[in-house]
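Where a number appears in this text, it was derived from the coordinates with a stated rule and is not lab data. In this text, all values refer to a predicted model and were calculated from it rather than measured experimentally. Counting neighbours? That spans all protein chains shown, and the Cβs are built from the backbone with ideal geometry, glycine included.
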Protein chains: 2
Amino acid sequence: MDDQTDQIRKPRADAVRNRERVLEAAKVVFNAGGPEASLEAVAKRAGVGIGTLYRHFPTREDLFEAVYRREVEQLSELAEQLKTAKDPVDALRRWLRSNVEFVATKKGMSAALALTFQSSSELAAFSMDRLTKAIGSLLDRAVAAGQMRGDVSPEDLLRALVGMCYMHDQPGWQSSVLRMLDVFVDGLRVQPVAKAKARAAKPTKAAVKRKR
Amino acid sequence: MDDQTDQIRKPRADAVRNRERVLEAAKVVFNAGGPEASLEAVAKRAGVGIGTLYRHFPTREDLFEAVYRREVEQLSELAEQLKTAKDPVDALRRWLRSNVEFVATKKGMSAALALTFQSSSELAAFSMDRLTKAIGSLLDRAVAAGQMRGDVSPEDLLRALVGMCYMHDQPGWQSSVLRMLDVFVDGLRVQPVAKAKARAAKPTKAAVKRKR
DNA sequence: GAAGATACGGAGGCACCCTCCGCTTAACAA
DNA sequence: TTGTTAAGCGGAGGGTGCCTCCGTATCTTC
C-alpha cells in the first residue's frame, strides 16, 4: 500500500450513528423552538451527551449548517428522481411545490438560516449552486421536450421562487405562493400550439427540432 | 373636572431620558454584536441598571422592535424633508439610496429583525405601511411633475427595493443594488419624447447621462 | 484477544437571563 | 417651599443554558 503514511481508519460506527441522531434531533428541535432552542435539549432528544454534540458540531452554527445542507441535498435528490417522471413540466411544478412545502415546515429553521447565511457565505454559495443545478436539470428537460420556453435561466427561476417565499411570515402566504407558481409555470410553457399533452413522453431531441 | 379619576401624570423626565439612552445603546450593541448580544451590555452602555432596561422593554424582542420602529420613522422623516427638494426624481433616488445604506449599516439588526418579524406581524404591517407612504409621497410628486410614469405603485417599488436588498449577505451587494436602482429609476422615468434635452429620437436605451 | 485509537457522557465553571424589592427621585398639591 | 406619593431606579440572586475537560467505555485493527 502506498498510502501507509496517511492511512485512515474506518470511522467508528457509533460516531456515525450519533452524528446522524443529533442531526435528526436538531431538525425537530429547531423547527419547533426556533434558532435559540437549547442545545442540551437537542442532545437529550438525540439520546447523547452534550459533550458528544459539541464534538461533532463545535458551534451552534455548525449544527444549523449541517442540518440545512442535508435538506438541500434531499431537495437535490428529489430533483434527480423527478427527472424520470413522464411529464417534464409537471415534474418541475412538483419540485417547485416541494420547495414551498420545505420552506413552510421550516418555521424555526428559516430564522436560524438568516443568522447563519450572514456569517457563512460559503453555505449560501453551496446551496445556491446545488439548487440551481437541481432546478436547471428539470428546466432543461422541459425545454428539451419542447414544452417550455428556453429563455429563462435556472438562476432566475430560483430567485423568483426564493423571492416569492420571502414573505412567508404573512398569513396565507403558502396558498398565495402556490397560486403564483402555477401562473408562473403557465407563463413558462410554450404556448399550446395544438392540443392535449396525453402523449408518450419519450424525450427525443428529434421531436424538439421538429417542433421548432 | 370629570376626568379626575383617570388623571394622567406627566411622565417622569428621567424615565424618558433613560428610555432614549437604552434605545441608542441597543442600536449600537445589536449592530455590532448581532441579535444575541448581551442585554446587560446594552444596559451598561446606556448607563442604566439591568432592571431599568427590563422595565422599559420586558422582552428582547420588544427592544428590537422599538429600535427598528425608530429607524423606520427616521426614514419616513427623511422622505418628508426630501419632498421640498427641487428635482423630484432625484429626491426619490436619494431616498432609495438612503434605504440601501440603512440596510447596509444594519448588519446585526437585520438578523434580529428576521427573528422579530416572524413573531410580530404587526410590526411588519406597521413598517410596510410607513415606508409605503414615504415612498408614495415621493413617487407621486415625480409623477405629478410629469417626470415619471404613473403606473407603478409604491408597494411595487418598495417590494422591488426590499427584494434587491434581500441578498445583502453576498459580497459587493451594495454597489450592485445601487446600480440596479439607477437602472430601475431610469426605467421609471417618462421617456424623453419631447423633453428638455435636445436629443435625437432614437429608440430607447437609457443612455441618459444624468449628471448635471 | 490485546492494544491503542477514538468517542462517550456529564460534572462543573461561567455568562447571561430575568425577577424582585428596598431605596431614590420627580411630579404635583397645598 | 415643603410634603406626599406614585413612578422609577439599581443590582443582588436564583435559574438556565453554554461549553470545556477528562476519566471511562467502546470500537477497530492486528
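Grab the beta carbon distance between A:ALA32 and B:ALA13, set R0 = 35 Å, and tell me the FRET efficiency rounded to 0.05. Spell out each step's value before the answer.
On the way: r = 45 Å, r/R0 = 1.28.
The formula returns an efficiency of 0.20 here.
When Cβ neighbours within 10 Å are restricted to other protein chains, what is their mean count per residue of peptide B:72-81? Could the numbers behind the result be given before it?
Working: counts 0, 0, 0, 0, 0, 0, 0, 0, 0, 0.
Mean inter-chain Cβ contacts per residue within 10 Å come to 0.
For A:LYS106, go through the aspartates and glutamates and keep the ones whose alpha-carbon is under 17 Å away, minus same-chain ones fewer than eight residues off.
Counting by Cα, and skipping residues close in sequence, A:LYS106 has these aspartates and glutamates nearby: A:GLU24, A:GLU36, A:GLU61, A:GLU65, A:GLU71, A:GLU73, A:ASP169.
Picking from B:GLY49, B:LEU39, B:ALA13, whose Cα lies most toward the positive end of the charge dipole for segment B:13-58 (charges on Cβ: Lys, Arg +1; Asp, Glu -1)?
The Cα lying farthest towards the positive end belongs to B:ALA13.
What is the gain in length, in nm to one decimal, between B:LYS83 and B:ASP140 on full extension, counting 0.36 nm per residue of separation less the C-alpha to C-alpha distance? Kindly include the intermediate steps, with their values, before the conclusion.
Numbers: separation 57, 0.36 × 57 = 20.52 nm, distance 1.02 nm.
Here the answer is 19.5 nm.
Describe numerically, in nm with one decimal, the distance between label points set 7 Å from Cα along Cα→Cβ at B:THR59 and at B:GLU40.
2.3
Contour minus end-to-end for A:ILE50 and A:SER76, with contour as 0.36 nm per residue of separation and end-to-end as the Cα-Cα distance? Before the final figure, lay out each step's value.
On the way: separation 26, 0.36 × 26 = 9.36 nm, distance 3.13 nm.
Contour length minus Cα-Cα distance gives 6.2 nm.
Among B:LEU63, B:GLN74, B:LEU178, whose Cα projects farthest towards the positive end of the dipole of segment B:60-188, with charges put on the beta-carbon of Lys, Arg (+1) and Asp, Glu (-1)?
After comparing all options, I get B:LEU178.
Which distances in nm, rounded to one decimal and ordered from shortest, link the label point of B:LYS83 to the equivalent label points in the other identical copies, with labels set 7 Å from Cα toward Cβ?
Listed shortest first, these distances are 5.8 nm.
Based on alpha-carbon centroids, what's the gap between segment B:133-186 and segment A:11-75 in Å, whole number please?
Centre-to-centre (Cα) distance: 41 Å.
Starting from the Kirkwood Rh over alpha-carbon pairs, what translational D in µm² s⁻¹ does segment A:1-138 have by Stokes-Einstein at 4 °C and 1.567 mPa s? If you can, show how the numbers build up before the last one.
Numbers: Rh = 16.7 Å.
The estimated diffusion coefficient comes to 78 µm²/s.
So what's segment B:60-188 giving for Cα Rg divided by 2.2 N^0.38 Å, two decimals?
Values: Rg = 14.7 Å, N = 129, 2.2 N^0.38 = 13.9 Å.
Normalised Rg, Cα atoms only: 1.05.
From the square roots a ≥ b ≥ c of the eigenvalues of the alpha-carbon gyration tensor of segment B:14-76, which class results: rounded (a/c under 1.5), prolate (a/b over b/c), or oblate? Show your work: numbers first, answer last.
Working: a/c = 1.63, a/b = 1.20, b/c = 1.36.
Because a/c hits 1.5 or more and a/b fails to exceed b/c, segment B:14-76 counts as oblate.
Evaluate the charge dipole of segment B:40-116 about its Cα centre and quote only its size in Debye, nearest 20, assuming +1 on the Cβ of each Lys and Arg and -1 on the Cβ of each Asp and Glu. Intermediate values should be presented prior to the final figure.
Values: 13 positive and 11 negative charges, 41 e Å.
That gives segment B:40-116 a dipole magnitude of about 200 debye.
Placing +1 at every Lys and Arg Cβ and -1 at every Asp and Glu Cβ, with all other atoms neutral, what dipole size does segment B:60-188 have around its Cα centre, in debye to the nearest 20? Don't skip to the end; give the middle numbers.
Working: 16 positive and 19 negative charges, 58 e Å.
It comes to approximately 280 debye.
If the reach is capped at under 13 angstrom between alpha carbons, list the aspartates and glutamates near B:LYS83, excluding any in the same chain fewer than eight residues apart.
Answer for B:LYS83, where 13 Å is the Cα cut-off: B:ASP140, listed by chain and number.
7 Å along Cα→Cβ for the label point: how many nanometres lie between A:VAL16 and each equivalent label in the other copies, listed shortest first?
6.9
For segment A:95-163, what class follows from the C-alpha gyration tensor (a ≥ b ≥ c being the square roots of its eigenvalues): rounded when a/c is under 1.5, otherwise prolate if a/b is larger than b/c, else oblate? Intermediate results must be reported in sequence, preceding the final value.
Numbers: a/c = 3.06, a/b = 1.88, b/c = 1.63.
In terms of gyration-tensor shape, prolate.
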